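Okay, structure first, notes after.
None of the figures in this text is laboratory data; all of them are computed from the coordinates on show. Keep in mind the model is a prediction, meaning the values are calculated, not measured. Note: ideal-geometry Cβ built from the backbone for every residue, glycine included; neighbour counts use all protein chains shown.
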Amino acid sequence: MRLVTIYGSPTPPGKLARALGLLEAGVRDRHPGWEVERISPAEVIDPVTATWPADAVDRVAAADAVVIASPVFRGSITGTLKLLLDTLPVEALRSTPTAVLTVAAAPHHCLAAERHLRDILTWFGALTAPNCAFFVDRVFGAEEVPADVLGELAELADEVVVLAERLGGRSFGPAPLAARRGGPPPAPAA
């Protein structure tokens with residue numbers, strides 16, 4: 001089985017990347033039958049403009065489980081991550097167990113990006129893990145990451161991996177509204 005992690009930050013790898021790396025290493029250690037691969041922006045021009053690898057959509061669609069990692073940027077997810085999500089067809093995440101990992105500079109941002117990602121994942125019909133993980137970034141800046149933080153990362157990873165294993169690739173209905181409507185409504189006539 002394959003876990004795909006999405007690194008949704010427009011900045012060079014730092015604290016969020018360290019958090020995601022710890023989660024990925026934990027999956028490799030605790031779930032030996034799982035492959036883990038990360039998708040990161042191929043090129044970041046600015047905080048809003050980025051390119052993703054040409055095969056990013058196919059890699060997400062082929063995943064048995066997905067972890068989306070985003071910093072909290074102006075109270076939401078980054079434009080960089082939104083660019084990838086906007087290219088995914090509904091089928092890429094439909095019925096896919098998906099977990100959310102967010103990191104921010106201050107604790108009062110704890111639900112900002114998670115709330116927006118949950119709405120987006122519902123649009124896809126993804127099976128969003130019931131519990132998400134949020135951390136204040138300074139815990140990943142320390143030489144040693146606290147044991148409780150490592151524990152929460154392990155629980156998040158185990159949650160989405162076990163969910164995928166138990167579901168065994170089943171799809172659930174009804175189809176999300178986005179799939180039933182056939183896409184966005186037509187633009188009004190001028």
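Over the chain, dividing the summed -39,500 (n - 2.57) contributions of all DSSP H runs of at least 4 residues by the number of residues returns a 222 nm mean residue ellipticity of -11500 deg cm²/dmol.
As a test, work out the antiparallel percent of DSSP beta bridges whose residues both lie in the chain, rounded to the nearest 5.
Numbers: 3 of 25 bridges.
Among the beta bridges of the chain, antiparallel pairing accounts for roughly 10 percent.
Once mean projected area of the Cα convex hull in nm² is calculated for the structure shown, the corresponding label among [x] 9.7; [y] 27.9; [z] 11.9 turns out to be [z]. Put simply, when 2-15, 28-41 are sorted by average Cβ atoms within 10 angstrom per residue, most first, you get 2-15, 28-41. In order along the range 23-35, the phi-based Karplus estimate (6.51 cos²θ - 1.76 cosθ + 1.60, θ = phi - 60°) of 3J(HN,Hα) comes to 4, 4, 4, x, 5, 4, 6, 8, 10, x, x, 9, 8 Hz; Gly and Pro are listed as x.
Among Trp123, Trp52, rank each residue by its count of other Cβ atoms within 10 Å, from fewest to most, as a rough exposure measure.
Values: Trp123 15, Trp52 20.
Final ranking by Cβ density, sparse to dense: Trp123, Trp52.
Starting with the highest mean, order 170-178, 91-99 by the number of other Cβ atoms within 10 Å, averaged over the residues of each peptide.
Numbers: 170-178: 11.9, 91-99: 22.4.
Highest to lowest by the protection proxy: 91-99, 170-178.
Each of Ile6, Ile120, Thr51 was placed along the dipole of the range 2-181 (beta-carbon charges, centred on the mean Cα), and the one lying farthest toward the positive end is Ile120.
For the range 2-181, build the charge dipole from Cβ charges (+1 Lys, Arg; -1 Asp, Glu) around the Cα centre, then report which of Ala142, Gly33, Gly169 sits farthest towards its positive end. Comparing the listed Cα positions along the dipole, Gly169 ranks first.
Given Cβ point charges of +1 (Lys, Arg) and -1 (Asp, Glu) and nothing else, what value in debye, to the nearest 20, does the dipole of the chain about its Cα centre take? Walk me through the numbers before you get to the answer.
Details: 17 positive and 22 negative charges, 124 e Å.
Once rounded to the nearest 20, the dipole reads 600 debye.
Taking 8 Å as the Cα distance limit and 6 or more residues as the minimum spacing, I'd like the relative contact order of the chain as a percentage. Worked out over the chain, it gives 23 percent. Relative to the Cα centre, the charge distribution of the range 97-182, modelled as +1 at Lys and Arg Cβ and -1 at Asp and Glu Cβ, gives a dipole magnitude of about 740 debye.
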